[in-house]
Amino acid sequence: MIEIINLSKKYKNKIIIDSSSFRINTNKVSFIMGPNGSGKTTLVKCIMGLESYSGQIIFNNSSNNSLVVWDDCPFYNNLSWIKNLILFSEGKIDKKNIINLSLKYLDNDLLNRKVKHYSYGQKKKLALALVEILKPKYLIMDEISNGLDYDTIKILKSRIKQWANNTTILLTGHQFDFYNDIIDEVFILKNNKILSLDNKYTKEGINLEDIYDKELH
């Protein structure tokens with residue numbers, strides 16, 4: 001679980017998040033929605049300790065083994081797939097296992113090719129391989145479905161549900177049809193507040209398009 005207590009964030013005099021309290025529950029797939037510019041990325045940066053803020057963010061796992069997968073998937077462009085993953089794994093897993101886990105997502109002919117030559121979708125697949133390798137206790141994924149082909153999207157949906165057995169997951173995105181059948185909880189960013197919908201829409205199944213129209217329009 002991640003417990004957020006009275007979280008506030010502003011840039012100069014502009015309030016981005018205003019005194020918000022909520023919980024991201026353990027081993028659940030949570031989704032946060034809001035218009036572009038509403039503060040989703042700022043929230044993620046606060047949770048990951050990349051931005052200063054007021055209030056408290058408490059992880060219930062003392063190791064705080066967390067990973068964020070950004071939409072632009074920043075890797076070392078002049079290094080190959082395998083060299084990137086060896087660096088990011090920090091010696092926690094050997095090269096053979098890194099390759100085996102990565103081949104779930106990437107073709108072998110990319111193994112020694114520099115990442116700067118990868119397509120946007122191939123970089124996304126590299127990020128998914130990193131999740132498999134690091135096995136974080138807390139995983140945040142921003143617009144993860146962007147750029148992925150149909151087959152990889154099907155695999156990713158299955159993986160997210162599997163990862164949630166041991167991982168607390170927070171997702172953000174706008175391709176709502178991808179997320180509808182894999183998420184357990186919904187939060188919205190509205191009027192600078194982060195609000196839990198408290199399972200308001202989960203009894204008959206989550207439809208993010210309807211939730212967005214009802215709550216944010």
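The values are calculated or read from the model by the stated rules, or taken from the named source; none is laboratory data. Keep in mind the model is a prediction, meaning the values are calculated, not measured. Cβ coordinates were reconstructed from backbone atoms using ideal geometry, including for glycine residues, and neighbour counts include every protein chain displayed. SASA here: full protein model, heavy atoms, side chains in, ligands and nucleic acids out. Shrake-Rupley method; radii C 1.70, N 1.55, O 1.52, S 1.80 Å.
A few points about this structure:
- Protection proxy ranking of 190-198, 5-13, 23-31 - average other beta-carbon atoms within 10 Å, highest first: 23-31, 190-198, 5-13
- Axis of helix 150-163 versus longest Cα principal axis of the chain: the two differ by about 70°, to the nearest ten degrees.
- Rounded to the nearest 10 Å², the accessible area of Met1 at probe 1.4 Å: 40 Å²
- Cα-centre dipole for the chain with unit charges at Cβ (Lys and Arg positive, Asp and Glu negative), debye to 20: 720 debye
- In the range 1-102, lysine pairs closer than 30 Å at Cα, eight or more apart or cross-chain: 18
- In this structure the range 1-56 gives 50 Å² per residue of accessible area when probed at 1.4 Å with all protein chains present.
- Accessible-area composition of the range 43-121, carbon plus sulfur, in percent [1.4 Å probe]: 47 percent
- Around the amide H of Thr168, modelled in the peptide plane, lie the amide H atoms of Asn27, Tyr138, Leu139, all under 5 Å away and 5 or more residues distant in sequence or on another chain.
- Longest stretch of the chain clear of exposed loop sites (GluC sites (Glu not before Pro), DSSP loop, at most 12 other Cβ atoms within 10 Å, sites excluded): 91-203.
- Average accessible surface area per residue within the range 87-217, 1.4 Å rolling probe, Å²: 51 Å²
- Options Thr152, Leu85, Leu170, ranked by Cα towards positive dipole end of the chain, top entry (Cβ charges): Leu85
- Scalar couplings 3J(HN,Hα) for the range 132-137, obtained by applying the Karplus form with A = 6.51, B = -1.76, C = 1.60 to θ = phi - 60°, are 4, 6, 7, 6, x, 7 Hz; x denotes Gly and Pro.
- Length added when fully stretched, Gln175-Asn27, from 0.36 nm per residue minus Cα-Cα: 51.0 nm
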